[in-house]
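Here's the structure we're looking at; comments come further down.
The values are calculated or read from the model by the stated rules, or taken from the named source; none is laboratory data. Every value quoted in this text rests on a predicted model; they were computed, and no experiment measured them. So basically every Cβ, Gly included, is an ideal-geometry build from the backbone, and we count neighbours across all protein chains shown. With ligands, DNA and RNA removed, areas are computed over all heavy atoms of the protein, side chains included. Shrake-Rupley method; radii C 1.70, N 1.55, O 1.52, S 1.80 Å.
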Amino acid sequence: MDPLNTQHGMPESEAAAEARRLIDDWASKPVRHHPTSFRDDTEPPAFGTTPPVKQEDHRIVPAWAAGIAVASIGVGAGVTGIGCGAWLVLQGLASVTLNSVLMVTLPFAGLAMAATAIGGAISKARAAVTKNVYEGPVTHHTEIHNNSTTRGAFFARTRNEIH
């Protein structure tokens, strides 16, 4: 079946005549023109007594958004500085030897040793000052009331209540 040569509804001569009638009907109607702009060609006066007109402030970006943008730029610059410093430190540690590791960790080990010694001295000083002496009889009274209940047969559940 050839769709180009198959007749659908009206003969080709009638279809051409109907198409010509529709095109002529459309072409005979006037075209509406809608203005898209306006230009005032009158010359403004060179001088005059007209007071200035207040121009409203129409900013594109609100003040809070500009503040956040400035703060984010500052934070980004700060983080970039920290990253550069870390890169420099890591470049320095890239050629690690035993001597360099000992030299880097020696201050930390000294601080840890001093903190341990100070903490031990404070702990011994506190232990020597505090002395508790108890005189008299000491009694200890314990009373236990146990209520035990079991429910169920196959999957039994025991509940103990101690008062």
* Select from region 80-101 the residues that are surrounded by 10 or more Cβ atoms within 10 Å (Cβ to Cβ) and hydroxyl-bearing (Ser, Thr, Tyr) and write down the one among them that is farthest from the chain's Cα centre (by Cα). => SER100
* Odd one out for ARG126 among (1) at pLDDT 75 or above; (2) assigned to a helix (DSSP H, G or I); (3) not small (Gly, Ala, Ser) -> (1)
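Quick one: is ALA46 at pLDDT below 80, open to solvent by less than 90 Å² (accessible area, probe 1.4 Å) and not basic (Lys, Arg)? Full working, then the answer.
Details: at pLDDT below 80: yes; open to solvent by less than 90 Å² (accessible area, probe 1.4 Å): no; not basic (Lys, Arg): yes.
Spelling it out, it is not the case that ALA46 is at pLDDT below 80, open to solvent by less than 90 Å² (accessible area, probe 1.4 Å) and not basic (Lys, Arg).
Determine which member of the set GLY67, GLY74, GLY85 is closer than 30 Å to VAL104 by Cα and assigned to a helix (DSSP H, G or I). Show your work before the answer.
Values: GLY67 fails: closer than 30 Å to VAL104 by Cα; GLY74 fails: closer than 30 Å to VAL104 by Cα.
Being closer than 30 Å to VAL104 by Cα and assigned to a helix (DSSP H, G or I) holds for just one of GLY67, GLY74, GLY85, which is GLY85.
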